[in-house]
Amino acid sequence: MSSSLYRRLTVGLAALTGLFGTSLVGLGAAQAVTVPILVADVDSGKVIYSQAPTDPWYPASITKLMTTYVALDLVRQGKVSLDSMITVSAAAAAEPPSKMGFKPGTQLTLDNALKIIMVKSANDIAFAIGENLGGSVDNFAAMMNETAVRIGMRDSHWYNPNGLPDPRQWTSARDMAVLARALLRDFPDSHDLFSISAIQFGRAVMANHNGLLGRYPGTDGMKTGFICSGGFNVVATATRNGRRIVTIVMGQPSPRERDVKAADLFDYAFTQSAGWTSPTLDALPASAIPAPPDMRPFVCGGKKPPAIEDGPGALSAPGSAAQLVGGAAANSPALALAAFSNPALRARSLPPRAPLQPVAVWVGRNPAESQQILDAQEAEQKAAVANTRAAKLEAAKVKRAAALEAAKQARAERLERAQAAQAAKPAPKVAAKPGHPLPRTASAYTAVETPTMPEAKPGRGLVKPAPKAAAHKAAAHKAAPAEAATAKAATAKAAAKKPAAKKAAAGE
């Protein structure tokens, strides 16, 4: 056995060991979820390997393959052309990322719109395609479902053209293989649409989210997708020695693990031949699972969100199943992580990507018109920035003027309050000058000071007024002996009169 063949068989067996290990984990732990995987020969439709191929699953952005088929089918029927103009409505512009962010009213050709949704996976542009080609998103979804039945898809239900979360919208690995074969078979002139490595819009270059392009030899399409409820999905095709294989991998916890697993499946498939005993896609039995499991707890819950390739935020399908199929046992994070891939796959990665070869896209009917539109938008944006800056400066000026006026009014009010408080104060009392105080007997009715009668004492005559303390001290001191003598004489005279009076009273 040659070393090359031995290496291929070893890689193939390693891939299958990881894949079958997924199923074995499920068998050993009370029906843990089995992620859908399918590998088939494009020309014959023979199945080379499958795992849960018809189980329902949330498609995410691989929905855009269905959108592209409907659009190309309308072109084939002559109802529209690749030069037909697609107008971005306000509703389309409001769709969550990933998106181009065009303003409502922006127009672009259907051809550029399809390139953008295949590479950038822009949800706003896919929504605009549905509105313009179907008249409404609901009508376009009806066209998607009708077309799916016509080309042999059995497990798919479509409600929007971009794959944003909707609990009613699901597909299966088998149906996506049927769709991939139909795209390659029915539109041979559009094969390059699925292998564009990057697009360039103006000065911006946007690489394809398909990590197999430029990294795995022979890869020539098609589309990736991610939402938390569905994990990381891919529909990929690769050609080697004239043989084309389609591989579908769904529900992976990261884009790297999805890409590595798809590469290993390609390695295995190219060493196998789909013989007459291999089942066809049409012969695969229907699934017994009634609805898709919700992978959000295992892909996005309880840890740092994984790297998002189809948008800046983790998205989930509102109202979808709350747990994995299999009940409480399947809700173990360790079990779910083991079910995704084995440690060998988690530690591997693909080689660096080959240099990008961007394809130009534009708005309007041609690049010249696009440049005019971009120039006008740039001028408008600069004017808006200038107007915003001028408005901010004017607002700051008005604010400063208002602050100054408020401060001026506050000072005036403080001054006014101070003056009012000063006016309300009572007049200060004048201190009495030291001098001659009013006598005790002075009354309010005495206008001027007049000499008073000396106070009479009981049994005695009138008494001299009290001498002034300050002015007549010396005189009073001199008069004291005289007054004492006079008082003594008067007392003696009175004593002499008493016997005479008593005698007179006795004679009477």
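Between ASP220 and TRP276, what is the label-point separation in nm under the 7 Å Cα-to-beta-carbon projection?
Distance between label points: 2.9 nm.
Please arrange ILE129, ILE289 by counting, for each residue, the other beta carbons lying within 10 Å of its beta carbon, fewest first.
Least crowded to most crowded, the residues run ILE289, ILE129.
Out of residues 5 or more away from ILE86 or on other chains, whose amide H comes under 5 Å of its own, with H placed 1.01 Å from N in the peptide plane?
LEU108, THR109, LEU110
With r defined as the distance between the Cβ atoms of ARG411 and THR87 and R0 fixed at 60 Å, what FRET efficiency is calculated, to the nearest 0.05?
Given R0 = 60 Å and the Cβ-Cβ separation, E is 0.50.
Quick one: P(r) of the stretch 115-173 from all Cα-Cα pairs, 5 Å bins, percents rounded to integers, in order of increasing distance.
Per 5 Å bin, starting at zero, the Cα-Cα P(r) for the stretch 115-173 comes out as 4, 20, 25, 25, 21, 5 percent.
Gain in length, LYS79 to ALA291, computed as 0.36 nm per residue apart minus the alpha-carbon separation, to one decimal in nm?
72.8 nm
Given charges of +1 on the Cβ of Lys and Arg and -1 on the Cβ of Asp and Glu, with all other atoms neutral, how large is the dipole of the stretch 139-258 about its Cα centre, in debye to the nearest 20?
So the dipole magnitude of the stretch 139-258 works out to roughly 340 debye.
Counting other Cβ atoms within 10 Å, which chymotrypsin sites (Phe, Trp or Tyr not before Pro) in the stretch 180-277 have at most 12 and lie in a DSSP loop?
Taking the stretch 180-277 and a limit of 12 other Cβ atoms within 10 Å, the loop chymotrypsin sites (Phe, Trp or Tyr not before Pro) found are TRP276.
FRET efficiency for ARG185 and GLN357, Cβ-Cβ distance as r, R0 = 30 Å, nearest 0.05?
Efficiency, rounded to the nearest 0.05: 0.70.
Around GLY230, which amide H atoms from residues at least 5 apart in sequence, or from another chain, sit under 5 Å from its own amide H, with H modelled in the peptide plane?
Under 5 Å from the amide H of GLY230 lie the amide H atoms of MET295, each far enough along the sequence or on another chain.
Cα centroid distance between the stretch 365-400 and the stretch 35-69, in Å?
Taking the Cα centre of each part, the stretch 365-400 and the stretch 35-69 sit 47 Å apart.
Along the stretch 55-65, what does the Karplus equation 6.51 cos²θ - 1.76 cosθ + 1.60 (θ = phi - 60°) give for ³J(HN,Hα), rounded to whole Hz, x for Gly and Pro?
Ordered by residue, 3J(HN,Hα) equals 5, x, 8, 6, x, 6, 6, 5, 3, 5, 5 Hz.
Taking neighbour Cβ counts within 10 Å as the exposure measure, how do THR388, THR34 sort from fewest upward?
THR388, THR34
If R₀ is 25 angstrom, what is the calculated FRET efficiency for the pair ALA420 and LYS397, using the beta carbon separation as r and rounding to 0.05?
0.10
Each value in this text was obtained by applying a stated rule to the coordinates, not by laboratory testing. Note that the coordinates shown come from a computational prediction; the quantities given were computed from them, not determined experimentally. Using ideal geometry, Cβ is built from the backbone for each residue, glycine included, and neighbour counts are taken over all protein chains shown.
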